[in-house]
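Taken together, the values in this text are just the output of simple stated rules run on the coordinates, not laboratory data. Note that this is a predicted model, so its numbers are computed, not measured. Please note: Cβ atoms are built from the backbone with ideal geometry, for glycine as well, and neighbour counts cover all protein chains shown.
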């Protein structure tokens, strides 16, 4: 079978399963008795093994198989999930991840057999059990044979005449070993039923609530296409009795009759399959892998239904490039709409109410369209942060510090492109917090703190921004030390240091010169690669800020824009030029009499309801033409960045407008305040001012 | 037959300058240019070229000549320094004709590293009795790292 076309799906799904295993193992370590978790782990490991087998990755399959054995014993209550056991299992997961990354880069799993891990797993198995699993085999064999036989061969029991395939038989025997029943069902639909396909689908769905349909005759596709008379048969692996299934299936309307009974294979066959399954457990992956293969082909509807959760059924995987194209088209549409609006406001057409209404309608539609496209690009941050608990656990062992990671807001959504980039900076911050932020357990106790350190990762939406905070309750940043080091290094003078606020000092940490020098560890431990973090976040259009309190911990706050391409802006005029200010950062707009402006240390400030706010004359900064008559009142746009405010002086306000951000290219070098350009309704180009960068 | 190259002749301060047509995307009439504050002085700003933001530079300024007011003959030549690179507009006084020069009639300039302005030229072309300064588009647009 040529499986290369499924490689991408395999990689995606393997990633998901590995992630799920990672998560649940962490839970298992804490709650060894949690049955749901064990089942979830078992399920993921089993699918993983089946998939690896189907794709022909033998080493991966073998390792998963041995891990699955251990999971199986845990599930059967024969072993306890001790910390050392979990360690080995985690090592196994890492090895699997290595296989996967090999597959991703070279399309083969590599040469590493990971014998060590496999041996460790087998040792655990032998120690933990001390006895061969023979009794289990006897038990299962008994169970398959015992079910009450419905000896009466009834014409109606058509399922008895259905030919059962090899791998299905194996699945049945396997089910028997797990203590589940295999039940055959024949469903008769009323002759007057108009939508036979839909009816069959409803019955199957009802049945699936109670078990797993392993075979349909005719096939699911034929059922759907109504290529059957008025009856069909199904085989179900379930915990329920035939009577129960008959009852629920009969409840579906337009079902005339349902017959069902236990299925038993000839005992000779059962024994031979049991033997095969026991001898070579790898073969048990067969029904699973066959199922997976089927679900990949997507032709076999019931199998596909079981492989994916109902939620996944309602989603499609879309190439991000296609979404980019869609987003660009929406941008063009918004520019065209802005053009229409500007024409309508110039011409007399405006007086035509109908035209006006239509324009407003168009505006609503484009805004909604933009929002919807934006939402399709949004991914919960969970996909990035869910690997962190594992990382903190490892760090905790490595650094020999007790610590816990608390995460909230994993469901917060961000643009896909941002999600792809945000992982590394966050990891960096968490490592910093674990390594340098938290004190050793002994030091913590001395300081009267809980000996276990806490790291918090909180994500939430705040207006047009998504905020991610990485917090710890460690020692905090010693600003005095930073100050001294900075003076020593010559990056600031003694005088400057005198005038610097706590905030300015912390900002030094984000300077590149502070990242590579060895003194960092002497200074505070902070600053390792913080400039890289900052650069990355700024490249994403976001910003980072740090707060700290000596002895109580530090907090790194990242703000990211919800969207990258289209924003709401305030259009203003400075001199005789139009500029766009992103609405997200604007707090208020004030009329300030010129006489209210005070000068402190050579900087102009105003007193805004008790807060001293520095003002920036954008006209001077951008070398715009000055107005001939100096106005008596200044129009000041108050901008907020984190906790800081600043006032931007503009000459005129035009109004709010939705704009599409375009780059001005790499050839022109200009002030950092110019973050891009946009095309206005009349075709003019207006520059976008990133007023935040001035605050 | 010797190899030939085609050049568009642009006028700057009455001098003739040739631009290899392989770089040229388009020639457009003057448009309203949005000034970019605090940029390099030769960059006049950006224009909207069918929905794309394109920076434009004054070739007079770049080549060290005095700026002149734009007239109805002024043109913006849209060029790409490399295929696939973002376009840039060059403001010239006038665009007249396309000439075909044989490789023999192009005289390579002696290379002088100290004179940056000379680096903007790839040579002098002889066309009839006229001499044409042939410009190197990439070195005009892409600034050397300092």
Taking the Cβ-Cβ separation of residue A:630 and residue A:445 as r and a Förster radius of 60 Å, what is the calculated FRET efficiency to the nearest 0.05?
0.40
What does the extension gain come out to for residue A:552 and residue A:244, with contour length at 0.36 nm per residue minus their alpha carbon separation?
104.8 nm
Can you give the Kirkwood hydrodynamic radius for the stretch A:1-57, in Å, rounded to one decimal and based on Cα pairs?
12.1
Below 8 Å between Cα atoms, with a sequence gap of 6+, how large is the relative contact order for the stretch A:562-695 in percent?
31
Order these peptides, A:208-216, A:677-685, A:239-247, by their mean beta-carbon neighbour count within 10 angstrom, highest first.
A:677-685, A:208-216, A:239-247
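Between residue A:333 and residue A:315, what length in nm is gained on full extension when 0.36 nm per residue of separation is reduced by their alpha carbon distance?
So the chain would gain 3.8 nm between residue A:333 and residue A:315.
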What is the mean number of Cβ atoms from other protein chains located within 10 Å of the Cβ atom of each residue in peptide B:50-56, rounded to a whole number?
5
Packing-based ranking, highest mean first, of A:172-184, A:447-459 given that Cβ atoms within 10 Å are counted:
A:172-184, A:447-459
Given 25 °C and 0.890 mPa s, compute D for the stretch A:566-694 with the Stokes-Einstein relation, Rh being the Kirkwood radius over Cα pairs; round to the nearest whole µm²/s.
161
How many nm is it between the label spots at residue A:7 and residue B:29, if each spot is 7 Å from the Cα in line with the beta carbon?
5.6
If r is the Cβ-Cβ distance from residue A:410 to residue A:368 and R0 is 25 Å, what FRET efficiency results, to the nearest 0.05?
0.35
Taking the alpha-carbon centroid of each part, what is the distance from the stretch A:562-632 to the stretch A:544-561 in angstrom?
28
Cα gyration tensor shape of the stretch A:197-246, rounded if a/c is under 1.5, else prolate or oblate by comparing a/b with b/c
prolate
Just the Kirkwood number for the protein assembly as shown, please: inverse of mean 1/r across all distinct Cα pairs, in Å, one decimal.
33.6
What nm distance separates the two modelled labels at residue A:502 and residue A:262, each placed 7 Å from Cα along Cα→Cβ?
7.4
Convex hull of Cα atoms in chain B, direction-averaged projection (nm²):
9.9
Using all alpha carbons of the stretch A:6-132, what is the percent of pairwise distances in each 10 Å bin, ordered from the shortest bin to the longest?
13, 48, 31, 8, 0
Nearest 5 is fine: what % of DSSP beta bridges in chain A come out antiparallel, could you say?
90
The stretch A:189-209 versus the stretch B:1-49: alpha-carbon centroid distance in Å:
71
Which of the peptides A:603-614, B:119-130, A:54-65, A:373-384 is most tightly packed, and how do the rest follow, judged by the mean count of other Cβ atoms within 10 Å per residue?
A:54-65, A:373-384, B:119-130, A:603-614
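With an 8 Å cut-off on Cα pairs and a minimum separation of 6 or more residues, tell me the relative contact order of the stretch A:4-131 in percent.
Numbers: 117 pairs, mean separation 33.5, N = 128.
It comes to 26 percent, rounded to a whole number.
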Distance between modelled label sites at residue A:355 and residue B:104, nm, 7 Å Cα→Cβ extension:
6.6
Would you tell me the mean number of C-beta atoms belonging to other protein chains that fall within 10 Å of each C-beta in B:83-90, as a whole number?
2
Shielding score for B:30-37, defined as the mean number of other chain Cβ atoms within 10 Å
6
Starting from 0.36 nm per residue, how many nanometres of slack lie between residue A:340 and residue A:397 once their C-alpha separation is accounted for?
14.2 nm
Relative contact order of chain B: what whole-number percent is it, with Cα pairs under 8 angstrom and at least 6 residues apart?
27
When the helix-only estimate is applied to chain A (DSSP H runs of n ≥ 4, each -39,500 (n - 2.57), divided by the residue count), what is the mean residue ellipticity at 222 nm, nearest 500 deg cm²/dmol?
-14500 deg cm²/dmol
Express in % the proportion of alpha carbon pairs of the stretch A:373-496 at distances exceeding 24 Å.
43
